[in-house]
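What follows is one structure encoded as C-alpha cells, with my remarks underneath.
The values are calculated or read from the model by the stated rules, or taken from the named source; none is laboratory data. Note that the coordinates shown come from a computational prediction; the quantities given were computed from them, not determined experimentally. Reconstructed Cβ throughout: ideal geometry from the backbone, glycine too, with neighbour counts over all protein chains shown.
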Amino acid sequence: MGELVIPGFPLRFSDQPERLDLVAPTLGQHNVEILQGFLNYSEEEIARLEAEGILSSGER
C-alpha cells in the first residue's frame with residue numbers, strides 16, 4: 001500500500017511546534033493514575049489487583 005500522508009491542521013498558533021511527536025500510551029500504562037485519581041482506589045487495593053493478576057500497571 002505505501003506511506004500515508006496525513007495533512008496537518010490548517011490553523012496554527014504562534015507557539016505551536018512545526019511537528020508534534022505524539023506517542024500512544026501502552027495498554028495499562030496509566031492504570032494506577034486512573035484508579036487512584038478518579039476511582040479513589042488505595043495503594044493496597046491496587047497491589048492486591050496486581051498480585052491476583054487482574055491488573056497490570058506501569059511501562060512494559
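Details
Yes/no matrix, rows are residues, columns are (1) within 23 Å of Ser56 (Cα to Cα); (2) surrounded by 10 or more Cβ atoms within 10 Å (Cβ to Cβ); (3) at pLDDT below 85; (4) among the aromatic types (Phe, Trp, Tyr):
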residue: Ile6; (1), (2), (3), (4): no, no, yes, no
residue: Pro17; (1), (2), (3), (4): no, no, yes, no
residue: Leu20; (1), (2), (3), (4): no, no, yes, no
residue: Glu33; (1), (2), (3), (4): yes, yes, no, no
residue: Tyr41; (1), (2), (3), (4): yes, yes, no, yes
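- Subset of the range 43-59 (residues that are surrounded by fewer than 10 Cβ atoms within 10 Å (Cβ to Cβ) and at pLDDT 85 or above): Glu44, Ala51, Glu52, Gly53, Ile54
- Flag for Leu27 being part of a loop (DSSP other than H, G, I, E, B), modelled with pLDDT under 90 and within 19 Å of the chain's Cα centre (by Cα): yes
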